[in-house]
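See structure below.
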Amino acid sequence: MEVVIVPDAQAGGELIAEALAALLRRRPDALLGVATGSTPLPVYRALAARVRAGTADVSHARIAQLDEYVGLPADHPESYRSVLAREVLEPLGIGMDAFLGPDGTAADVPGACAAYDRALAAAGGVDLQLLGIGTDGHIGFNEPCSSLASRTRIKTLTEQTRIDNARFFDGDVTQVPHHVITQGIGTILEARHLVLLATGEGKADAVAATVEGPVAAVCPASALQLHPHATVVVDEAAASKLKLADYFRHTWADKPEWQGI
Ligand code: GLP
């Protein structure tokens, strides 16, 4: 995998937005897999700025959701569908007709999960999947010890993840659902390019385990080591526990600019 150490979250957002803009020039109707959480917000802001400046064209882009809470009504402000509508679709001017996501309110949850995997495949697969990372190494909502071959399915959140996410629910952990639907690790690995963004010291241990640890279900993000085109973009704080940080810095500094990520 390629590791790019950037000065700060803003620089990471710019780098990934540029990769998205370049992808859309090659493939105007690319299916972009997007993530929630605070970390990817600079990416969405940087891409929206490019759209306003006329240097990125998202008019044919399609958007796919990574994960969703089970049981929150779709119009709940913290359902991931609502969050993505607010933070990605509206700023980019993309309509819901170009959006794919699992139904977190379905009575038949396994059926909804299987239907979402089929919908992703029928759409031609995800071209670029943007990922954040949990403090425990989760991607999407694949908590530690998720099968590395897993498909989209229901998962139970760890208490730590519910505590981490309580900030979106008035700081009240009791409001955070226990169950979620998430693309499986096997599903995520089918995207043609994986781009994981991690910022801040709180992610340093998870990043070190992802990049330099063994491939192990206890750190779900370590599955990125199995992907032929995975890029990990980290700020200095998130990179602070990488033993090979200097190597990653100089390979990036020497990389021809036209290659991108
Ligand atoms: C949630 C999401 C993940 C995200 C993680 C980290 O658990 N399901 O996709 O990566 O939060 O969020 P943040 O970027 O806010 O730290």
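The values are calculated or read from the model by the stated rules, or taken from the named source; none is laboratory data. Remember, it's a predicted structure, so these values are computed and weren't measured experimentally. Neighbour counts are summed over all protein chains in view; Cβ atoms, including those assigned to glycine, are modelled from backbone coordinates with ideal geometry. SASA here: full protein model, heavy atoms, side chains in, ligands and nucleic acids out. Shrake-Rupley method; radii C 1.70, N 1.55, O 1.52, S 1.80 Å.
Here are the numbers for this structure:
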quantity	calculated
Candidate aspartates and glutamates - alpha carbon under 16 Å from Lys203, same-chain residues fewer than 8 apart omitted	Asp8, Asp136, Glu143, Asp164, Glu212, Asp235, Glu236
Under the Karplus curve 6.51 cos²θ - 1.76 cosθ + 1.60, θ = phi - 60°, whole-Hz ³J(HN,Hα) for the range 106-114, x wherever Gly or Pro sits	4, 5, 9, 5, x, x, 5, 5, 5
Ordering of 10-16, 90-96 by burial proxy (mean other Cβ atoms within 10 Å per residue, highest first)	10-16, 90-96
Rg to Rh, two decimals, where the range 40-106 supplies the alpha carbon set and Rh follows Kirkwood	1.00
Principal semi-axes in Å for the range 102-166 [√(5λ), Cα gyration tensor, largest first]	22, 16, 11
Cα coordinate range in the chain, projected on the principal axes (Å, largest first)	53, 40, 34
Interchain or long-range residues, amide H under 5 Å from Ser150's placed H	Ile185, Gly186
Fraction of accessible area attributable to carbon and sulfur, the range 2-255 (%, probe 1.4 Å)	56
Diffusion coefficient, µm² s⁻¹, Stokes-Einstein with Kirkwood Rh over alpha-carbon pairs of the range 25-154 at 4 °C and 1.567 mPa s	84
